[in-house]
Amino acid sequence: MRRAEALALLDDLDRTEPFPGAARIGLTGAPGVGKSTLIDAMVRTLRARGDSVAIAAVDPSSHKSGGALLGDRIRMRAGSTDAGVFIRSMAARDRLGGLAEATYAAVSIMGAVFDYVFVETVGIGQSEGDVAGLVDTLVFVANPGAGDTLQFMKAGILERPDIFVVNKSDIGALAERAASELSSGLGLAEREQGERERPVLLTSARDAVGVAELVDALDSHRAAFASSGELEKHRHNGREAYVLAALERRYGSFGVEQLGGAKAVRERLSRSPARSPFGQVAHLGREIELALGK
Ligand SMILES: Nc1nc2c(ncn2[C@@H]2O[C@H](COP(=O)(O)OP(=O)(O)O)[C@@H](O)[C@H]2O)c(=O)[nH]1
Ligand SMILES: [Mg+2]
């Protein structure tokens, strides 16, 4: 059966991928801040040093036209004829529930093949656009408009990103003011909570200014994250979240109860790391079906 073969292949990929493997990076921020342009600029930097790159552009708004997505692709065209660059657009269409799931699968598979995997998405926090658990490093891209950042802080969406970027620095003073506003706001919160300091960078994706510094910041964040042991934990949590969400979506919480509930599932996943999360979903799913007499 082809599906069984595919799952075996995914298990193999999972087992043989050296840790930490591909760098998984999420870029999030409002439409129009320049996420696609910024990825395009980073792709050029990364390709120039020989690293391969895959991009998943996630668009949870089902009403966005295919044309707009295509526009994104064209803007990311840096390497459209280059085998070292792969771009996949993921639209929600009518299967909203599965977008995060589908993105997780895409990121895992692309990570087996490419050195860097970027996920571009609009929102964080809300479940659909939530890539924080899928990526190693989350970058928040902000507009240079003064005052915007304060809005974000109030909304509490600045808690999760690892790196902040104020793009369109080519417009000048406004961008610099936004960056320093953001730095001081974040610095205050970090000092209060005794947290590590998170970088705030200024870029002009259009003019490729600050892009090399951004790539450096991505690399240092991940290196620190990996060497402290946190990355491994984070990846493990991401796998658990994927398996649980996939099982709940397929079988509901009653289905998950057949396995003894979410906690029991988590314990089992910690004990049997040999399977890929996709293999786990198939395996545990069969068990639920048996329990339900299907
Ligand atoms: N002036 C300026 N415009 C930019 C910059 N980066 C992106 N843009 C423009 O902003 C618009 C939105 O960019 P896009 O990358 O599609 O934003 P996304 O929706 O966040 O992916 C496009 O017209 C870009 O050309 C920049 O650094 N400076
Ligand atoms: Mg875009």
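Below, the figures for the structure above:
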item: Hits in the stretch 267-281 (condition: touching a residue at least 60 places away in the same chain (Cβ under 8 Å) and open to solvent by 20 Å² or more (accessible area, probe 1.4 Å)); result: A274, R275, F278
item: Selected residue [open to solvent by 70 Å² or more (accessible area, probe 1.4 Å), out of contact with any helix residue (DSSP H, G or I) (no Cβ under 9 Å at 6 or more places or on another chain) and not assigned by TED's automatic domain parsing to the domain that holds A132] from R250, R286; result: R286
item: Selected residue (only one of L290, L201, L247 is farther than 29 Å from T16 by Cβ and touching a Gly at 6+ places or on another chain (Cβ under 9 Å)); result: L201
item: Odd one out for R239 among (1) touching a residue at least 60 places away in the same chain (Cβ under 8 Å); (2) of a type outside the set (S, T, Y); (3) buried (at least 18 other Cβ atoms within 10 Å of the Cβ); result: (1)
item: Residue in the stretch 180-195 that is within 20 Å of the chain's Cα centre (by Cα), over 24 Å from R235 (Cβ atoms), assigned by TED's automatic domain parsing to the domain that holds R49 and open to solvent by less than 40 Å² (accessible area, probe 1.4 Å) present; result: no
item: Selected residue (only one of R198, R275, R222 is touching a strand residue (DSSP E or B) at 6+ places or on another chain (Cβ under 7 Å), among the basic types (K, R) and not in a helix (DSSP H, G or I)); result: R198
item: Residues located in the stretch 187-211, provided they are farther than 13 Å from V165 by Cβ and within 16 Å of ligand 1 (Cβ to nearest atom); result: R206, D207, A208
item: Failed item, numbered, when A6 is tested on (1) in contact with a helix residue (DSSP H, G or I) (Cβ under 8 Å, 6 or more places away or on another chain); (2) part of a helix (DSSP H, G or I); (3) of a type outside the set (S, T, N, Q); result: (1)
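Matching residues to (1) in a loop (DSSP other than H, G, I, E, B); (2) modelled with pLDDT under 90; (3) more than 9 Å from ligand 2 (Cβ to nearest atom):
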residue	(1), (2), (3)
A30	yes, yes, yes
M42	no, no, yes
V58	no, yes, yes
K64	yes, yes, yes
D82	yes, yes, yes
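The values are calculated or read from the model by the stated rules, or taken from the named source; none is laboratory data. The model shown is predicted, which means the values in this text are computed figures rather than measured ones. For neighbour counting, all protein chains shown are included, and Cβ atoms are generated from backbone atoms with ideal geometry for every residue, glycine included. Remember, those area values only see protein heavy atoms, side chains included, never the ligands or the DNA or RNA. Shrake-Rupley method; radii C 1.70, N 1.55, O 1.52, S 1.80 Å.
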